[in-house]
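The values are calculated or read from the model by the stated rules, or taken from the named source; none is laboratory data. Worth saying up front: this structure is predicted, and the values here are computed from it rather than measured. All Cβ positions, even for glycine, are placed from backbone atoms using ideal geometry, and neighbour counts span all protein chains on display.
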């Protein structure tokens, strides 16, 4: 058979209905949890996702408790969690915070009815890897969102990312700490993160710190490794969340100090480094 004949035969095969899909390398099956305060809405969303060849809705939930039970009893890749569950307004964010502690391997996307800036920021602070507004986007976009988040990427619109960056700029001083308040980065590494959050590229950061661009790349490599993130956006979101936790701890400790001034040590002040 000639080369032309081979080409015609292949073209004919791909013209047969379903043959293109059958000959395409199968995609990894993504196991999904759907948590929505409205059970019917959740069922409709589950049905739509199950009709996609590489999605499998493995669990559904309407309350925060059901979310926690599902993530601990089912192997999941991605959790689609409505910001408001049957428990009440913003209960989905509370469920997400608890889920992050017990099942950090599950990547969460928060579903919002309206892209309110404060809600978007709170969702990322709670540990979301993506934010999606069904009323403003097509179902096809939701499928792409689940795909990208399952691969370890962050999903948000450009306007939502701008909101996160603006929130980051208002949180100063910036210190990246873990849940126990232990400092994770050196002062120089924190400077790099701060300049990165201001929108600077590696070359600009290098100029600002009077270092080589190669050195900045090395700093970012070590920062990514320390924090377990894989992109600049994830790094900024991590820092925003970390700094917010630190500030909340400081406020709580200040209140405690007012009630019991005789206490010599106040955890929140130790976290923030205040005298």
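Does residue 172 fit the bill of being modelled with pLDDT under 85, in contact with a helix residue (DSSP H, G or I) (Cβ under 6 Å, 6 or more places away or on another chain) and more than 14 Å from residue 226 (Cβ to Cβ)?
It is false that residue 172 is modelled with pLDDT under 85, in contact with a helix residue (DSSP H, G or I) (Cβ under 6 Å, 6 or more places away or on another chain) and more than 14 Å from residue 226 (Cβ to Cβ).
In the stretch 120-162, what residues are free of Cβ contacts under 8 Å to residues at least 24 places away in the same chain and in a loop (DSSP other than H, G, I, E, B)?
133, 137, 138, 151, listed by residue number.
Restrict the check to the stretch 200-210 and report whether at least one residue is modelled with pLDDT under 80, surrounded by 14 or more Cβ atoms within 10 Å (Cβ to Cβ) and outside the structural domain of residue 118 (by TED's automatic domain parsing).
Checked against the condition, which is being modelled with pLDDT under 80, surrounded by 14 or more Cβ atoms within 10 Å (Cβ to Cβ) and outside the structural domain of residue 118 (by TED's automatic domain parsing), the stretch 200-210 yields at least one hit.
Given the criteria over 23 Å from the mean Cα position of the chain (by Cα), under 15 Å from residue 142 (Cα atoms), in a helix (DSSP H, G or I) and in the same structural domain as residue 96 (by TED's automatic domain parsing), does residue 49 qualify?
For residue 49, the condition - over 23 Å from the mean Cα position of the chain (by Cα), under 15 Å from residue 142 (Cα atoms), in a helix (DSSP H, G or I) and in the same structural domain as residue 96 (by TED's automatic domain parsing) - is not met.
Mind checking which residues of the stretch 65-81 are part of a helix (DSSP H, G or I) and within 18 Å of residue 131 (Cα to Cα)?
If the condition is that a residue be part of a helix (DSSP H, G or I) and within 18 Å of residue 131 (Cα to Cα), then 67 is the only one that fits.
Go through the stretch 82-119 and give me each residue that's over 20 Å from residue 135 (Cβ atoms) and not in a helix (DSSP H, G or I).
Selection gives 87, 88, 103, 104, 105, 106, 107.
To keep it simple, each residue is scored yes or no on (1) touching a helix residue (DSSP H, G or I) at 6+ places or on another chain (Cβ under 9 Å); (2) modelled with pLDDT of 50 or more; (3) surrounded by 14 or more Cβ atoms within 10 Å (Cβ to Cβ).
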position	(1), (2), (3)
11	no, no, no
20	yes, no, no
32	yes, yes, yes
37	yes, yes, yes
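Residues are listed down the side, and each one gets a yes or a no for (1) surrounded by 14 or more Cβ atoms within 10 Å (Cβ to Cβ); (2) more than 26 Å from residue 229 (Cβ to Cβ); (3) under 18 Å from the mean Cα position of the chain (by Cα):
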{"residue": "55", "(1), (2), (3)": "yes, no, no"}
{"residue": "78", "(1), (2), (3)": "yes, no, yes"}
{"residue": "98", "(1), (2), (3)": "yes, no, yes"}
{"residue": "105", "(1), (2), (3)": "no, no, yes"}
{"residue": "110", "(1), (2), (3)": "yes, no, yes"}
